[in-house]
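Reading through the structure tokens given below for one structure.
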Amino acid sequence: MAACAQTGSEQMTFGRTIPPATTVPTPSVPAPIPAASAAPTVAVPTATPYPTPDLSGLPYEVLAQEVVRGSPDIPAVAFTLDGGAIAAYTPEILEILREHQVRITIFITGQFAERHPELVLEMIDDGHEIGNHSYAHPEFTKLSDDSIRAELTRTEEIIKDVAGVSTKPWFRFPYGARNHHVRRVVAHEGYQSIYWTIDTIDWRDDATPALVKQRIRDRLGNGVIILAHLGSRHTVEALPDILTELREQGYQIVKVSELLYPPPQIQPTPTIVVEPTPTVVLSSP
């Protein structure tokens, strides 16, 4: 399914400092693994590079700005997964992430959490970050404001009941369908829109594991946000190679919160870059 994506000048790239009310411990951070020293075919496991910051106090002015990538100055990427209706490959994907000692951000719907609470608990136990992906995966540009709020609130309540965690502040629009108005409704509910830099198109009928990997290779860079799906067999087949190659090239694989709010010792000079307005988004539950 395809949906038109409309964006305003608020779509930004961030390498930001923590809001004044939020503090983050200053841990030691392992240096990126140089490509020359990494094993060519074996993933190099590393610990979580830094603790997840507390972002409960993000102001509306920040939440209203859509994120499409992190800082171009830090060799880190966020590999994100969306979970809509299909969970067939989720256990295998979680096992691969566990084997590679990678913790990421996973956007799930309320329906996913209702149908597969054991998988949500597994995600939390493994240290993954959970984002809100709506309840029933509708196109938000076709909903009333009340319906948008209901989609967000219902999902938040379900995931809190299932796993005891909040999905705030991260939200991903189903199908990438959003505009200036719906982004502001979402921001008023305490969520920030997390778009993507690389769409692996792993949901398309003509996708293959090789294509998924090539799309990442062609667009890879510091701060990119990669979109893939829990329901894709192409992703489960390609994932071990993706994680291995990212580390061989010196990238940290991090959660969205870690990508946008790295610890003080590796904070770059904050930059804000207005992204071109995309015209068409092709995505899937």
If you go through the range 158-183, how many residues are assigned to a helix (DSSP H, G or I), open to solvent by 60 Å² or more (accessible area, probe 1.4 Å) and touching a residue at least 40 places away in the same chain (Cβ under 8 Å)? 1
Give just the number: which of (1) in a loop (DSSP other than H, G, I, E, B); (2) of a type outside the set (Asp, Glu); (3) modelled with pLDDT of 90 or more does Ala78 not satisfy? (1)
Residue identified as open to solvent by 20 Å² or more (accessible area, probe 1.4 Å), outside any helix (DSSP H, G or I) and more than 23 Å from Ile201 (Cβ to Cβ) among Arg103, Arg98, Arg149: Arg103
Residues that are β-branched (Val, Ile, Thr) and open to solvent by less than 20 Å² (accessible area, probe 1.4 Å), at least 2 per element: which helices (runs of 4 or more DSSP H) completely within the range 208-260 meet that? 209-219, 233-248
Inspect the range 118-125 for any residue being open to solvent by 40 Å² or more (accessible area, probe 1.4 Å), under 26 Å from Ser71 (Cβ atoms), modelled with pLDDT of 95 or more and part of a helix (DSSP H, G or I) and give the result as yes or no. no
Could you list, ordered by first residue, the pairs with Cβ atoms under 6 Å in which the first is in the range 126-150 and more than 18 Å from Thr90 (Cα to Cα) and the second is outside any loop (DSSP other than H, G, I, E, B) and modelled with pLDDT under 95, at least 6 apart or interchain? Glu139/Ala3
Suppose we keep only residues that are in a helix (DSSP H, G or I) and under 21 Å from Leu260 (Cβ atoms) within the range 184-193. Which one would you say is most open to solvent (accessible area, probe 1.4 Å)? His188
In this structure, is His137 of a type outside the set (S, T, N, Q), open to solvent by 10 Å² or more (accessible area, probe 1.4 Å), touching a Gly at 6+ places or on another chain (Cβ under 8 Å) and under 22 Å from Ser232 (Cβ atoms)? yes
Conditions (1) open to solvent by less than 10 Å² (accessible area, probe 1.4 Å); (2) in contact with a Phe, Trp or Tyr (Cβ under 8 Å, 6 or more places away or on another chain); (3) small (Gly, Ala, Ser); (4) within 20 Å of Gly84 (Cβ to Cβ) -> Ala113 fails only (2)
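The values are calculated or read from the model by the stated rules, or taken from the named source; none is laboratory data. What you see is a predicted model; the values in this text were computed from it and never measured. Don't worry about glycine lacking a Cβ; one is built from the backbone with ideal geometry, like all the others, and counts go over all protein chains shown. Each accessible area value is taken on the protein alone, full model and side chains, heavy atoms only, with ligands, DNA and RNA left out. Shrake-Rupley method; radii C 1.70, N 1.55, O 1.52, S 1.80 Å.
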